[in-house]
Amino acid sequence: MPLETILLFLVADLMFCFTPGPATMVTVSHALPAGRAGGMRGALGPIVGVNIGNFIWYALTAFGLIALIQAVPTAYAALRWIGVAYLAWMGLQMLRGGSSRLASQAARAASFQKGFLNGLAVHMSNPKALLFYTAFIPPFIDPSGNLFLQFAILAGLTVFTETAGLTFYAALASKARNLGEADQAQPVFQKIAAVVLIGAALILVWWNLTDSGLQSAFNLPKEMVS
């Protein structure tokens, strides 16, 4: 793969990954309650989950399984809505927690397992992920070259840029958390984190319901974005 192609992809992908979206919001929702000391640790789960989602999408693309998803659009639509429902449920669970349970609930919300599932769910249920891999990736692939090597390089670059972007926003959230005293600010930041998580779910709902413009721009079948 030519160096200029790699650099062009890297710059374009950085712009995508540093633009705040549902993945950013989920990462922030896990970093915010933990503060500077544990914020980055709390964000690790979502970051890993999002990147596992990237590997899944790359594998689907590399093995031509995107065509299978396109052939069964209802299955993919169901997957997207399950992911949205899961994120909304997590946010509501955090909002409903009583003040006496906030500390333990925050610890559970920041756990690696829950963060991982949230990150994976938001990435696999994001309709723009499908558009990214069906429209953005192919122009950087040379069909006459080593396809496995090219996909491996692009996957590595995407993991790098995604991790950089999410780590940046997690660090900002961790610092913001320390603007208040830990004991006094905990309920406030816990509620903010819950609202952010629900906000990510609502954004995905909006995108899933209003992607006709994206469908036209990328010339995708209407059922793929509805």
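So, Leu60, is that one at pLDDT 80 or above, assigned to a helix (DSSP H, G or I), more than 15 Å from the chain's Cα centre (by Cα) and hydrophobic (A, V, I, L, M, F, W, C) or not?
When the stated conditions are applied, Leu60 passes them.
Scanning the range 139-152 for residues that are without any contact (Cβ under 8 Å) to a residue 60 or more places away in the chain and assigned to a helix (DSSP H, G or I), which turns out farthest from Phe9 (Cα to Cα)?
The extreme case among them is Ala152.
For Ala109, all conditions in the list (1) buried (at least 16 other Cβ atoms within 10 Å of the Cβ); (2) more than 25 Å from Pro139 (Cβ to Cβ); (3) modelled with pLDDT of 65 or more hold save one; what is the number of the exception?
Here Ala109 clears every test but (3).
Scan the range 153-172 for residues that are aliphatic (A, V, I, L, M), closer than 18 Å to Leu8 by Cα and crowded, with 16+ Cβ neighbours inside 10 Å and report the count.
Number satisfying all stated conditions: 5.
Taking the conditions exactly as written (modelled with pLDDT under 70 and either over 23 Å from Gly119 (Cα atoms) or among the basic types (Lys, Arg) (or both)), does Ala182 satisfy them or not?
For Ala182, the condition - modelled with pLDDT under 70 and either over 23 Å from Gly119 (Cα atoms) or among the basic types (Lys, Arg) (or both) - is met.
Yes or no, residue by residue, for (1) modelled with pLDDT of 75 or more; (2) surrounded by fewer than 18 Cβ atoms within 10 Å (Cβ to Cβ); (3) under 19 Å from Tyr133 (Cα atoms):
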position	(1), (2), (3)
Met1	yes, yes, yes
Pro20	yes, yes, yes
Val26	yes, no, no
Leu79	no, yes, yes
Gly98	no, yes, no
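Under 19 Å from Met15 (Cβ atoms), modelled with pLDDT under 65 and out of contact with any Asp or Glu (no Cβ under 7 Å at 6 or more places or on another chain): does that describe Ala217?
The answer is yes for Ala217.
The values are calculated or read from the model by the stated rules, or taken from the named source; none is laboratory data. All of these numbers come straight from a predicted model, not from anything done at the bench. All Cβ positions, even for glycine, are placed from backbone atoms using ideal geometry, and neighbour counts span all protein chains on display.
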